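To keep things clear, I will list the structure first and then write my remarks on it.
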């Protein structure tokens, strides 16, 4: 099936099925781009100097990829020496340090949750860099038996800000996303819960814009008849202080869009990535969507 026809078919399907949602926003085809096969399981996004940084998730190579802004071509492949891609789920660039979150935990049984850090300038210059490791654990977890999709100790989203890393849980069991905080320095730390809120789904990506005072969390809902992506926009001056912050959840279309990564571009727009889906009746390539967060407030309809 041709990719363009598939996209239009999904939009038609979205229109044909009615759901009871408070807000709905359609991602525009003219602002959507297919990503190369090398990053078909894109799972995190960061921005650097006109380029997108991304990586694949579990089972992928210990590499990050530099793409042109529209996701059309891999410009550079960089190796994180000393790292293992058990389940990479997030990437963040802050103060010339690259942070890669190897903390995907669908089964809830991992005890090796890690965030790798590498010098960004070395990666650019040499195409590889040796990593340092930030290890962490959940002090409130005492059961490490395999509980696929039925626990609250998964994570796919992080923000690095000042001297801390803020982790936003992918809570399969109760959809109550927790915010946990650890230092942004090599070592081993407990990650206690600082805040929680009803996310209404599974959080898979995060981005913070200090000047806009805006935190964006993305994810999807599997409790609906079809996979339903969504975005949370918080008016927040700090990525870890959401208590009392105004938040808006917006349901996105087309459906069947498994969004995984998000980052702010210098224009103020958001870049949101979706990994490829290959099922019996679905063949959806990895894609990149561009959208202004202000459009959520201006154009969403009850």
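The values are calculated or read from the model by the stated rules, or taken from the named source; none is laboratory data. Values in this document were obtained by computation on a predicted structure and should not be read as measured data. Backbone-built Cβ (ideal geometry, glycine too); neighbour counts: all protein chains shown.
Could you go through region 279-291 and let me know if any residue there is assigned to a strand (DSSP E or B) and more than 16 Å from the chain's Cα centre (by Cα).
The answer is yes; a qualifying residue exists.
Select from region 35-62 the residues that are outside any loop (DSSP other than H, G, I, E, B) and either more than 17 Å from the chain's Cα centre (by Cα) or surrounded by fewer than 18 Cβ atoms within 10 Å (Cβ to Cβ) (or both) and list them in ascending order.
37, 38, 47, 48, 51, listed by residue number.
Which ones in region 119-158 are outside any strand (DSSP E or B), touching a strand residue (DSSP E or B) at 6+ places or on another chain (Cβ under 7 Å) and either at pLDDT below 95 or under 30 Å from residue 66 (Cα atoms) (or both)?
120, 122, 123, 127, 131, 154
May I ask you to verify whether residue 83 is under 19 Å from the mean Cα position of the chain (by Cα), part of a loop (DSSP other than H, G, I, E, B) and within 30 Å of residue 146 (Cα to Cα)? Give the steps one after another, and end with the answer.
Numbers: under 19 Å from the mean Cα position of the chain (by Cα): no; part of a loop (DSSP other than H, G, I, E, B): yes; within 30 Å of residue 146 (Cα to Cα): yes.
The answer is no for residue 83.
Name, by its number, the condition in (1) within 19 Å of the chain's Cα centre (by Cα); (2) surrounded by fewer than 19 Cβ atoms within 10 Å (Cβ to Cβ); (3) part of a loop (DSSP other than H, G, I, E, B) that does not hold for residue 185.
For residue 185, the exception is condition (1).
Could you tell me whether any residue of region 190-199 is assigned to a strand (DSSP E or B), in contact (Cβ under 8 Å) with a residue 40 or more places away in the chain and either farther than 13 Å from residue 242 by Cβ or under 15 Å from the mean Cα position of the chain (by Cα) (or both)? Don't jump to the end; show me each part of the working.
Of all residues in region 190-199, those assigned to a strand (DSSP E or B) come to 190, 193-198.
Imposing the further condition that a residue be in contact (Cβ under 8 Å) with a residue 40 or more places away in the chain reduces the set to 190, 193-195, 197.
Then keep just the ones that are either farther than 13 Å from residue 242 by Cβ or under 15 Å from the mean Cα position of the chain (by Cα) (or both); that gives 190.
Yes, that holds for at least one residue.
Identify the single condition in (1) touching a residue at least 60 places away in the same chain (Cβ under 8 Å); (2) in a loop (DSSP other than H, G, I, E, B) that residue 271 does not satisfy, given that it satisfies every other one.
Of everything listed in (1) touching a residue at least 60 places away in the same chain (Cβ under 8 Å); (2) in a loop (DSSP other than H, G, I, E, B), residue 271 misses just condition (2).
Please tell me if residue 218 is within 26 Å of residue 34 (Cβ to Cβ), under 18 Å from the mean Cα position of the chain (by Cα), surrounded by 14 or more Cβ atoms within 10 Å (Cβ to Cβ) and at pLDDT 95 or above.
For residue 218, the condition - within 26 Å of residue 34 (Cβ to Cβ), under 18 Å from the mean Cα position of the chain (by Cα), surrounded by 14 or more Cβ atoms within 10 Å (Cβ to Cβ) and at pLDDT 95 or above - is met.
Exactly one of (1) modelled with pLDDT under 95; (2) over 21 Å from residue 266 (Cβ atoms) is unmet by residue 70. Its number?
Among (1) modelled with pLDDT under 95; (2) over 21 Å from residue 266 (Cβ atoms), residue 70 violates only (2).
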